[in-house]
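J.: Have a look at this one before I ask anything.
Just so it is clear, none of the values below were taken in a lab; they were calculated from the coordinates. The structure displayed is predicted, hence computed values, not measured ones. For neighbour counting, all protein chains shown are included, and Cβ atoms are generated from backbone atoms with ideal geometry for every residue, glycine included.
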Amino acid sequence: MVDKLKQITEKKIGFEIKNYNDCKRLSEIIYIETGYELNYNTIRRFFGIVKTVKPSNYTLDTLCKFNGYKNYNDYVINFHLKNRWKDEFEIVRFMQEDQIEKLPQYIDNRLHTNSNFILKLAQILRELMIDQNFEVLTRIFSLEKMQIKNFTFDEIAYIGNNVGPLLFKINMESKASDKLLLNLNFQDIIISIYVDYYKLSSYYGNIISFLLKHTTRDNVTAFCMGVLNLDSFFKNKPKNNFHKCNMKSNFHPILKSRIIAQKLFFKEKNHIKILEDYDNLINKNNTINIDFYFEIITTAIITKNFEVMKWIINKFKLKTNFTYIYKFEHYEHFGLMSILYYQYIGNREMCKLWIDSISIDNFVRSYENIYLLYFTIFKYHFYNQNRIKILNDYQKKSEKLYPKFFSEKYLLEYFD
């Protein structure tokens with residue numbers, strides 16, 4: 001509660017307490033507003049400018065009175081009750097037409113001060129996408145605090161997978177939406193996280209094609225090329241229609257895996273050599289990071305490359321303890337690939353083990369539908385019952401994706 005008292009005090013005065021002058025200034029403000037004196041040296045100790053000591057009751061009571069409470073006890077009892085819905089009501093207020101211009105500043109003041117604000121940020125961004133308010137969205141994503149370096153990957157994945165499904169609201173005829181798409185932070189947090197495989201042939205493909213044409217960033221170029229190459233593969237286009245992606249050392253591990261995965265689209269004999277060279281390049285410290293194989297796993301599944309699946313399975317062991325949510329999701333993908341591989345070699349015991357080891361409803365959101373389609377393929381071949389029902393389920397799922405690629409023949413011959 002003491003740390004929160006520091007936060008609300010700084011929030012009220014509008015500046016952080018960082019040095020001697022800040023403490024002097026706050027001391028004067030407190031006296032002017034409350035009539036109570038709080039020595040600047042006491043304030044320095046309270047905010048940790050100098051060596052801290054346990055604050056006295058007088059110090060706590062004075063700061064609480066400054067923040068609108070009777071004393072420290074009143075603050076402890078009523079703070080959470082008073083503030084429980086405050087942010088929600090403020091968000092509603094700022095979303096009103098006459099207040100919405102103040103929304104970027106509201107976000108700038110609160111972002112990265114409380115981990116729970118990420119949930120509210122995603123809520124705000126979704127509302128603005130629904131309203132197609134691209135101007136305010138661009139202002140928000142232009143904030144320095146919205147740079148990708150300020151977020152954890154879990155936070156980025158959360159925002160991207162909550163806002164990404166609303167990319168269909170983008171109006172490609174609008175200059176305001178073009179400006180948003182070309183915003184660097186928007187590209188990093190939304191575009192590079194959420195891939196709408198169901199709509200690669202429509203609105204999402206149009207967005208990616210636009211970015212490929214207009215971006216000057218190597219990582220965005222490589223990402224767009226990789227996504228469009230997948231569309232070309234599903235449409236059975238010839239090899240000369242595919243973009244050639246180049247990898248750079250500063251690319252994110254998942255993007256690196258997407259670039260290497262492009263080589264799996266073509267039936268070549270040196271796939272394992274390619275993977276071993278890639279593995280030697282990225283594992284100089286003998287550390288194994290599944291992020292570097294994320295897109296390779298996906299592409300191996302789509303291309304039915306069981307040789308590559310086997311190679312990856314031999315690289316990793318089943319993991320059950322996760323620090324990050326996205327890591328857990330990546331291992332879910334690995335688990336699906338393992339189920340498909342063990343079904344291919346006829347090892348039912350290992351299939352059963354993996355079925356019990358993963359939860360099929362925890363795939364990364366943008367991959368969920370396509371992975372559920374492959375789990376349906378597995379069920380058709382693994383279980384002897386309800387095959388007609390499973391086939392019907394597969395056909396319903398494939399109609400929304402690439403029905404010519406995900407044909408009944410594809411299902412029946414997947415393990416051949």
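J.: Going by C-beta contacts inside 10 Å, put 358, 296 in order with the fewest on the left.
T.: 358, 296
J.: Using 0.36 nm per residue, how much length does the chain from residue 408 to residue 12 gain when fully extended, once their Cα-Cα distance is taken away?
T.: In short, 136.2 nm is gained.
J.: A follow-up question, please. Please find, in a Gaussian network model of the chain (springs between Cα atoms separated by less than 10 Å), the residue of 192, 338, 202 whose mean-square fluctuation is greatest.
T.: So, out of 192, 338, 202, the one fluctuating most is 202.
J.: Also, quick follow-up: Going down the list 120/397; 145/263; 310/409; 149/267; 169/263; 213/315, which pairs span over 30 Å between their C-alpha atoms?
T.: 120/397; 145/263; 149/267; 169/263; 213/315
J.: Tell me which chymotrypsin sites (Phe, Trp or Tyr not before Pro) from the stretch 343-416 have a DSSP coil assignment and no more than 12 other beta carbons within 10 Å of their own.
T.: Here the chymotrypsin sites (Phe, Trp or Tyr not before Pro) that fit, given the DSSP loop and packing criteria, are 383.
J.: In a GNM of the chain with a 10 Å cut-off on Cα contacts, which of 127, 368, 28 has the highest mean-square fluctuation?
T.: Of 127, 368, 28, the Gaussian network model singles out 28 as fluctuating most.
J.: May I ask you to list the trypsin sites (Lys or Arg not before Pro) in the stretch 182-273 that are in a DSSP loop and have at most 12 other Cβ atoms within 10 Å of their Cβ?
T.: Here the trypsin sites (Lys or Arg not before Pro) that fit, given the DSSP loop and packing criteria, are 244, 248, 267, 269.
J.: Could you work out the local net charge near residue 45, counting Lys and Arg as +1, Asp and Glu as -1, over the other residues with Cβ closer than 15 Å to its Cβ?
T.: It works out to a net charge of +4.
J.: Grab the DSSP H runs of the chain that are 4 residues or longer, score each as -39,500 (n - 2.57), total them, divide by all residues and round the 222 nm result to the nearest 500 deg cm²/dmol.
T.: Result for the chain, helices only: -18000 deg cm²/dmol.
J.: Using percent of Cα pairs over 31 Å apart as the read-out, say which of [x] 44; [y] 61; [z] 52 was calculated from these coordinates.
T.: Checked against the structure: label [z].
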